[in-house]
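The block underneath contains the structure these notes are about, expressed in structure tokens.
The values are calculated or read from the model by the stated rules, or taken from the named source; none is laboratory data. Because the structure is predicted, anything quoted here is derived from the model rather than measured. FYI the Cβ positions are ideal-geometry reconstructions off the backbone, even for glycines, and counts take in every protein chain you see. Accessible surface is based on the protein model in full, side chains and every heavy atom, while ligands, DNA and RNA are left aside. Shrake-Rupley method; radii C 1.70, N 1.55, O 1.52, S 1.80 Å.
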Amino acid sequence: MRSKIELKGRCSPLMSWDISNPIFNVLSKRSADLEVLKDIAVLNNWEVDFVKELSISYQTLVLTDLEQTILWVNDGFQSMTGYAPDYAIGKKPAFLQGPNTSEVIKGRIRETLSSGGRVSETITNYKKNGSAYECQITIIPLIDSNQVITHYLALEREAA
């Protein structure tokens, strides 16, 4: 058996459990998003598997009503767009669009959603500072227990 003196300099004991891990931060934020959505789902009688739906990569979540008014965004919204959640709530996502936002893509999104489908597209949006970015968006119609679409959830991330 080695003594503590022999081990000195050969290995270092773990001095703290305060370890920063970016993966943990992402998982922690996803867990918080999931809890908020589960609570909202109960209030709206949605039949959706959020664990499955949130398994795709996203930076921000945007919940809208059928008129596309933003009701809730997660904490990632501000870091991706520069806009505070309080600014976005009550507005339509169109406030993120600008001169290079494709009318064709917007039309495809509208058409797919109007037929009750789920849509995935990449669209040019604009940050608060005016810079354009490519936004990969997946919009999921949220259906209640009567099989009626009541809201939409957009999972968004900035394209690399």
Check: In nm², what is the average projected area of the convex hull enclosing the Cα atoms of segment 92-159?
Finding: 4.7
Check: How big is the charge dipole of segment 34-80 about its Cα centre, in debye rounded to the nearest 20, if each Lys and Arg gets +1 on its Cβ and each Asp and Glu gets -1 on its Cβ?
Finding: 120
Note to self: About the Cα centre, and with charges only on the beta carbon of Lys, Arg (+1) and Asp, Glu (-1), how big is the dipole of segment 86-160? Nearest 20 debye, please.
What the structure shows: 140
Margin query: Between LYS106 and SER145, what is 0.36 nm times their sequence separation minus the Cα-Cα distance? Round to one decimal in nm.
Written below: 11.1 nm
Notebook entry, point to check: Given a 1.4 Å probe, how much area per residue of segment 62-160 is accessible, in Å²?
Noted result: 51
Notebook entry, point to check: Normalised by the number of residues in segment 25-160, what is the relative contact order in percent for Cα pairs under 8 Å and 6+ residues apart?
Noted result: 25
Next item on the list: Choose one of GLN97, SER79, ASN45: the residue whose Cα lies farthest towards the positive end of the charge dipole of segment 37-135 (beta-carbon charges +1 Lys, Arg; -1 Asp, Glu; about the Cα centre).
Entry: GLN97
Checklist line | Accessible-area order (highest first, 1.4 angstrom probe) of the listed residues ASP65, ASP39, ASP75 | finding: ASP75, ASP39, ASP65
